[in-house]
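Enquirer: What follows is a structure written as structure tokens; I'll ask about it next.
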Amino acid sequence: MRPLLATSGAALAAGLLGGMLCGCADPGGLKVAGPAPTASATTGPVYVIEGPGRPALRGPASLEIGDSVRLTGLRWRSWGGATAEATGGVSGAWCRPGCRDTPYRARIVLSGVVRQERSAFYGRATVVADGLPPEQSDELRGLRLFVPTP
């Protein structure tokens, strides 16, 4: 007698479960309307950082890159996209004494956006300065910027 009750109980439970799962459904089946969601990259503000322990900056008026490149009087034409572009002055230990008092006029392009959870950081800088000798100009291309680790 016990095996019959156990079998009857299991059948009853399966029937109730099936009825609960299907009881509210439309006889035509489940219908989904609208476009499917698409995966999107995390977006947020884009920053530049001068180095470890320094604050994140957006469109700064001045910027130090490493120990040897100083950008001043920056006027940003764009910020926050794949590149950021500005004009300003460039000076540093590599050009002294020539630019100590008067920085070279320059065009600055930040690129290499590194996206993180809620923000992003520019990872590269290229500085094109008017009147610099070629060997000094080459030193200002593809400079690595500090990017914090998440």
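Enquirer: Under 13 Å from the mean Cα position of the chain (by Cα) and polar (S, T, N, Q), is that true of Ser91? Quick ask: steps written out before the conclusion?
Expert: Values: under 13 Å from the mean Cα position of the chain (by Cα): no; polar (S, T, N, Q): yes.
The answer is no for Ser91.
Enquirer: Identify, please: which residue in the range 94-125 is basic (Lys, Arg) and within 10 Å of the chain's Cα centre (by Cα) and is, among those, modelled with the lowest pLDDT? Give the derivation first.
Expert: Filtering the range 94-125 down to residues basic (Lys, Arg) leaves 96, 100, 105, 107, 115, 118, 124.
Now restrict to residues that are within 10 Å of the chain's Cα centre (by Cα): 115, 118.
Values: Arg115: 96, Arg118: 90.
Among those residues, the one meeting the criterion is Arg118.
Enquirer: Could you count how many residues in the range 99-141 are farther than 14 Å from Tyr47 by Cα and not in a loop (DSSP other than H, G, I, E, B)? Even if it seems obvious, please write down each step before you answer.
Expert: Of all residues in the range 99-141, those farther than 14 Å from Tyr47 by Cα come to 99-108, 126-141.
Restricting the remaining residues to those that are not in a loop (DSSP other than H, G, I, E, B) gives 104-108, 126-129, 134-138.
Total meeting the criteria: 14.
Enquirer: Of the conditions (1) open to solvent by less than 60 Å² (accessible area, probe 1.4 Å); (2) in contact with an Asp or Glu (Cβ under 7 Å, 6 or more places away or on another chain), Arg105 clears all except one; give me its number.
Expert: Going through (1) open to solvent by less than 60 Å² (accessible area, probe 1.4 Å); (2) in contact with an Asp or Glu (Cβ under 7 Å, 6 or more places away or on another chain) one by one, Arg105 breaks only (1).
Enquirer: I would also like to ask the following. Any idea which of Ala129, Ala125 is in contact (Cβ under 8 Å) with a residue 12 or more places away in the chain, among the aliphatic types (A, V, I, L, M) and farther than 22 Å from Gly51 by Cα? Give the derivation first.
Expert: Details: Ala125 fails: farther than 22 Å from Gly51 by Cα.
Residue meeting the stated conditions: Ala129.
Enquirer: Something else: Go over the candidates Ala41, Ala61, Ala56, Ala33 one by one and state the one that is at pLDDT below 80 and touching a strand residue (DSSP E or B) at 6+ places or on another chain (Cβ under 7 Å).
Expert: Values: Ala61 fails: at pLDDT below 80; Ala56 fails: at pLDDT below 80; Ala33 fails: touching a strand residue (DSSP E or B) at 6+ places or on another chain (Cβ under 7 Å).
Testing whether each residue is at pLDDT below 80 and touching a strand residue (DSSP E or B) at 6+ places or on another chain (Cβ under 7 Å) leaves just Ala41.
Enquirer: Cβ-Cβ distance below 7 Å, separation of 6 or more or different chains: which pairs start in the range 50-79 with a residue that is open to solvent by 70 Å² or more (accessible area, probe 1.4 Å) and end on one that is of a type in the set (S, T, N, Q) and at pLDDT 95 or above?
Expert: Short answer, once both residue conditions are applied: Arg75/Thr87.
The values are calculated or read from the model by the stated rules, or taken from the named source; none is laboratory data. Just so it is clear, the model here is predicted, and its values are computed rather than measured. Positions of Cβ are backbone-derived with ideal geometry, glycine not excepted, and every protein chain shown enters the neighbour counts. Each accessible area value is taken on the protein alone, full model and side chains, heavy atoms only, with ligands, DNA and RNA left out. Shrake-Rupley method; radii C 1.70, N 1.55, O 1.52, S 1.80 Å.
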